[in-house]
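Worksheet: one structure, shown below.
The values are calculated or read from the model by the stated rules, or taken from the named source; none is laboratory data. Owing to the predicted nature of the structure, the values given are computational and were not obtained by experimental measurement. When we count neighbours, we look across all protein chains shown, and the Cβ atoms used for this are built from the backbone with ideal geometry, even at glycine.
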Amino acid sequence: MNKKEINVKGCVTDSATRMPMADAKITLLCWYHAGWDKTDYVSVDTVADRNGCFNAKFEEGYKVVVAGVANKYNPNLRASDELIGNNIEINLELKKRIDTTDVSNSINLRNYIVQNSSN
């Protein structure tokens, strides 16, 4: 069943240094039951603040997936296994790219989530 009024917060850090990743691009997808045999999602695009943190609100849903990417870092995603309460914390760690190519502008995080997670 869908939970109502879901608040999601989290922070993005460098996987090696644990330092906050200010300005990381973040996309959140909240999956919801849209009928007896249909699911759909609502997405929110945002940017991490100077502390590497982000937040978003959704009207309803049963699962939240968060993906992030930053300059010279690989994208990563995490999902809530199931929504127990209305306040969810999902933190991300980003791993530096070996070749240090900036892929942050060429990755569509919404597509990345859909291709790399199950609803």
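Just checking, does segment 7-29 include any residue being surrounded by 18 or more Cβ atoms within 10 Å (Cβ to Cβ), modelled with pLDDT under 95 and in contact with a strand residue (DSSP E or B) (Cβ under 6 Å, 6 or more places away or on another chain)? No, that holds for no residue.
The requirement of being under 16 Å from L92 (Cβ atoms) and part of a strand (DSSP E or B) is not satisfied by A22. With the condition kept exactly as written, say whether any residue in segment 61-72 is exposed (fewer than 14 other Cβ atoms within 10 Å of the Cβ), in a loop (DSSP other than H, G, I, E, B) and of a type in the set (S, T, N, Q). Taking every residue of segment 61-72 in turn, none turns out to be exposed (fewer than 14 other Cβ atoms within 10 Å of the Cβ), in a loop (DSSP other than H, G, I, E, B) and of a type in the set (S, T, N, Q). Taken together, the residues in segment 29-60 that are without any contact (Cβ under 8 Å) to a residue 40 or more places away in the chain, in a strand (DSSP E or B) and closer than 17 Å to I107 by Cβ amount to 3. In segment 84-103, which residues are over 30 Å from E5 (Cα atoms) and among the polar types (S, T, N, Q)? Selection gives T100, T101.
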